[in-house]
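Chemist: Got a structure for you, written out below as C-alpha cells; questions coming shortly.
Rule-based calculations on the coordinates, nothing more; no lab input. None of the values given here were measured: they were computed from a predicted structure. Cβ coordinates were reconstructed from backbone atoms using ideal geometry, including for glycine residues, and neighbour counts include every protein chain displayed.
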C-alpha cells in the first residue's frame, strides 16, 4: 500500500530550502537567484528520499542498519544524490546559456557547495524527525507555547493495541515480543503521518493517536488512519509470518470529546490530556475484548462522521462499561468486504491451534 503524504509540509520545505539558497548565494556569489535554483534542485530530492517518496525499499534497509553503518551509508547516499542533483541543474543552466562559466564550473559542486547542501539537508531532516516524533500538532503547539496555560478543546482519540501479546510473550519471550512491537509501531508511522494524526504515547503493547476534532472528522481521517494501519500490516503478511511466526492482530477503539490540554514539565516538556474522553476511549477498548469485536467506535463520534469507502459501521447499542453510571452506545467498525471479516477471537484461536515453529530468517523488509 502506497500512502501519499500531505502536501502542505512540502510547500514550507521548498520555501525554506530556496531561502537558504538565496542567502548562501548572496554571501558567496553576490547573486541570489542562482543559489535558490541550485538549493531547491539538490536538497529537495534528498529530503524526498528521507521522507520515503522514492527508493522506499533502500530507505527501509538503511534504517535497519546499526547506528555507525547507518550514519556512514546515509552520508554516502546524501553525497551522491547531492552531486547528481547539482550536476543535473548545472547542466540545464549551462545549456540554456544562463551560466557565466563553462560546464565544469556550472555542473560540478565545490567543497563549499557540498558542505552547504549536507548541512541544510541534515538540519531540515532533523526538524522533520522531531516533528514526526511528537506529532505535527504537538510540534507547532510547543513552538508557539499554546498549552503553557491549560486549554479546553475537543479531540478524537484512537487506541490501537496488539491482541494476544501476552500469549505471544509466553511462547517466544519478552525480547521477541518487544521486537515485534517495535516493528509494528514502525509500520504505523506512515499511515498516522499521512492522516495528520499525532502519536501521543506508546504504552506497553498499545499506541495512542489523536487529532483535533475538526481535523479528525475531515475526510474521516480517524477512520482512514485505522484502515491504512491495518492495510499496511496486512500488505506485509508474508514478512510478519516469516519474521515472527504470526501476522499481528489489532484491536482498536475510537472516541472523541472535550479534554483539558496542558504543557507540563520544565526540562522535559510534554503535552498531556486530562478528561473523561480519554477514560471512555480506554473503556471502549476493553469492550473489544468482552464483545469479541476487534474495532469499536462510540456512537456519539460515529454520528459525526461521513464514512469513507470500504468502511461500514454496525450499531451494537448501549453497553455497560467499568466505572460509568450509564451505558455507552458503540458501533463495530467493519473494514473490507464482509466475506473477508473474521472475529478476533476466532483469529486468535486459529493462530493458537497452529503448530509452533521457530521463525525462519526474515526476508528483506519490503517498502
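Chemist: Sort all Cα-Cα distances of the range 196-299 into consecutive 10 angstrom bins from zero, then give the percent of pairs in each bin up to the one containing the longest distance.
Modeler: The calculated distribution, bin by bin, is 12, 40, 33, 14, 2.
Chemist: Taking neighbour Cβ counts within 10 Å as the exposure measure, how do 209, 93 sort from fewest upward? List each step's numbers first, then the result.
Modeler: Values: 209 26, 93 20.
Listing 209, 93 from fewest to most nearby Cβ atoms yields 93, 209.
Chemist: Give me the log10 of I(q) over I(0) for the range 36-92 at q = 0.17, 0.23 Å⁻¹, as the Debye formula computes it from C-alpha points; what are the numbers?
Modeler: Summing over Cα pairs of the range 36-92 leads to -0.56, -0.89.
Chemist: Ranked by Cβ crowding within 10 angstrom, fewest neighbours first, how are 325, 292 ordered?
Modeler: On the way: 325 5, 292 12.
Fewest to most other Cβ atoms nearby, the residues stand as 325, 292.
Chemist: Give the whole-number value, in cubic angstrom per residue, of the convex hull volume spanned by the C-alpha atoms of the range 130-239. Intermediate results must be reported in sequence, preceding the final value.
Modeler: On the way: hull volume 12.9 nm³, N = 110.
With only Cα atoms used, the range 130-239 gives 117 Å³ per residue.
Chemist: I've got another one for you. If you count, for each residue, the other Cβ atoms within 10 Å and average over each peptide, how do 250-258, 57-65 line up from highest to lowest?
Modeler: Values: 250-258: 23.2, 57-65: 14.0.
So the order, starting with the most tightly packed, is 250-258, 57-65.
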